[in-house]
Each structure stands twice: as C-alpha cells, then as structure tokens.
1. Go over the candidates V64, V53 one by one and state the one that is over 29 Å from G207 (Cβ atoms), exposed (fewer than 14 other Cβ atoms within 10 Å of the Cβ) and not acidic (D, E).
2. Which of the residues that make up the range 41-65 are within 50 Å of the chain's Cα centre (by Cα) and either within 19 Å of E15 (Cβ to Cβ) or outside any helix (DSSP H, G or I) (or both)?
3. Within the set of pairs 6 or more residues apart or between chains, which connect a residue that is in the same structural domain as Y43 (by TED's automatic domain parsing) inside the range 62-79 to a residue that is surrounded by 15 or more Cβ atoms within 10 Å (Cβ to Cβ) and of a type in the set (S, T, N, Q) with Cβ atoms less than 8 Å apart?
4. Which residue, of D116, D96, is without any contact (Cβ under 8 Å) to a residue 60 or more places away in the chain and either over 28 Å from H214 (Cβ atoms) or among the charged types (D, E, K, R) (or both)?
5. State all residues of the range 149-200 that are among the polar types (S, T, N, Q) and either closer than 30 Å to E106 by Cβ or surrounded by fewer than 19 Cβ atoms within 10 Å (Cβ to Cβ) (or both); if no residue qualifies, say none.
6. What number of residues in the range 175-199 are within 21 Å of L232 (Cβ to Cβ) and either assigned to a loop (DSSP other than H, G, I, E, B) or touching a strand residue (DSSP E or B) at 6+ places or on another chain (Cβ under 7 Å) (or both)?
7. Tell me, which residue of the range 251-276 that is without any contact (Cβ under 8 Å) to a residue 60 or more places away in the chain and hydrophobic (A, V, I, L, M, F, W, C) is farthest from P108 (Cα to Cα)?
8. Taking the options R124, R146, R135, name whichever one is closer than 13 Å to S204 by Cα and surrounded by fewer than 13 Cβ atoms within 10 Å (Cβ to Cβ).
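The values are calculated or read from the model by the stated rules, or taken from the named source; none is laboratory data. Predicted model only: the values in this text are computed from it and were never measured. When we count neighbours, we look across all protein chains shown, and the Cβ atoms used for this are built from the backbone with ideal geometry, even at glycine.
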Amino acid sequence: MKQDHISYLLALHREQDWAAAAIACQISPAQLKKAVAEAEREYGCSLVKTGTVFQGFTTEGEKVVVWAQGLSEAISTLKHVFAVSNSRKAIAPLLDRRSVSPKRLEAPGADSQEIDLMIEAALRAPDHGGLHPWRVLVFPADSRARLADLFEQEKLRRDPLASSEDLRRAREHATRSPTLLAFIISPKLRMRVPEREQWLAAGSALGNLLNAAHQLGFGAIMLSGERCFDVLLCSELGVESTEYLAGFISLGSIRAAPPQRKPVMLDSVRAFWHSGEPSVETPAKSQVCLDSAASNAISESQAPR
C-alpha cells in the first residue's frame, strides 16, 4: 500500500466525511475515492462501506486503519529520531567541546593566522551596540621568559615565603602552553549599553573564541586565578585601570583527551514561566536588579580592577 493511501485512509477515518477528508488531504473527493478504491483492490476486499455518503469502514477496513495508525505512529517516531540525530550532528562541535588543561596540551600551538581566525569568530558574537568591549593580548614565543618573570614576581608579592617549587610552577604557567593569550574585558562608556550587557558580550566573544579553537582541532582553556587581580602585573601587561584581566587562554594540540564531562540535567538550568506562578522565589525589592537606573551607563568613576 502506498504511503499516500495510508494518509488518506487515516484522514477519512478521522473526518468521517469524504469532502472533509479530501480537504485535509488537499485533493478532490474524486481523487480520494479513487485512491481508496486502489487500496481496496490491493488489499483484496472492501475497506469502506458503500453508499452515496460516507457510511463508515467495514470490519476489515477498521483493522487496516488500526494497522495504518500504528505504522503512521512508527514513521512519525522514526522521523523524529532522525530529526533529533541530525540536529545533534549539526551542533556536535558545541556539544563535544571540553576545556583542556595545559598539562594535556602539546606543540604545535595555533599560528598567527589561526589566532586571527579565532578572534574573527569572537567578533561575530552577540554584542549590543557593536562595542567589542574586550580585547585579546597575544604572547609571542620570545616574550614568554619575561612573562614568566612577571608571574614569579606576582607570586612573591602574594606569598613572600613561596617555595622554589611554587615559584617554578608560577613560571611554568607562562611557558607551558604552546600558545598563550590573555583575555581582557574592556568596557566602553555608553549611555544605552550598561556594563552588565558589555560583560555578557565579552563572555559571548570568549565562548566563540574557544569554540573556534575547538573547531580548528586545538585544545583550549581559560584560567584566571589571583594573579589576574594583581595591579602591578596588570600594569605591566598594559591593562588599563578601567579594564579587567579576565584570564589567560592556553591553546595547543591535544596530547591526552580530557575525561568525559559529567551529564547535567536540563531542569537544573531551565524553567518554564507561567503567569502568576513565579518559578523561583521573588528576590527582595532592593535586589531585583543589580543595575539601578543610576547604573544604566558606566560611570566615569568606575572602580579599577
């Protein structure tokens, strides 16, 4: 039996009327009756009771309808399974992305063209006002030794009694990764784009950059830590007082794959809103919005790092 014939029989069973079923199938009543007659010849007996108007299905016809319903449901399920599979395949790079620690990376790292391509991807991230409130600092190979000195000095400022092993690890953070970048949040003074939206834009850009690295076959991770808040280190790196050193991005070829990420239930981050039924406890009025009317724009007296 043709699949169209199955659809026609199900429509006729649902509508219980030739004309209504024909409209549902987007064919004429004559075409519908012809298709049913073909199905009856193929099956070998009448499926629909005879009469000038629709009188219902015969006993055999009812059996065929039940089989057709089961087949239709199976086909719908199969189509859904295929659609879900294709959807997951389309975004597989996003579903598979993992942060890869520096100890799992090896040379070669990303070259200048690949870094530029990652930054270009970052520039395509959602960005209210197109402000690009972020920037990337690239550390060439010949700058790593000096950066290691700065990391060691920062460690000593934070912990004057740091052991030689601690200092070695601090220096290694500057030299271990095949490629090293710094990601800097650089908010702009704009009345209509509050700072929190600029932070969101910067985070989106960072996500695009890391996803681009993954697509190019690299492992990547951004690490922050206390050194990102060190005023002297930030000054040495050219981070302005109104900017924030978000962290250091390590890039390289993957030497050892990271462990699988633990599954997270969607309900832990997803809720459905229903009018009059808040999904979470209503916060205190003073905490409803961290951005008050006075902070719709970034103040010129913005606190430094």
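1. Of V64, V53, the one residue that is over 29 Å from G207 (Cβ atoms), exposed (fewer than 14 other Cβ atoms within 10 Å of the Cβ) and not acidic (D, E) is V53.
2. G61, E62, V64, V65, listed by residue number.
3. These pairs meet every condition: S72/S7.
4. D116
5. Across the range 149-200, the qualifying residues are Q153, S163, S164, T175, S177, T179, S186.
6. The qualifying residues number 7.
7. Within the range 251-276, the match that is farthest from P108 (Cα to Cα) is W273.
8. Among R124, R146, R135, only R124 is closer than 13 Å to S204 by Cα and surrounded by fewer than 13 Cβ atoms within 10 Å (Cβ to Cβ).
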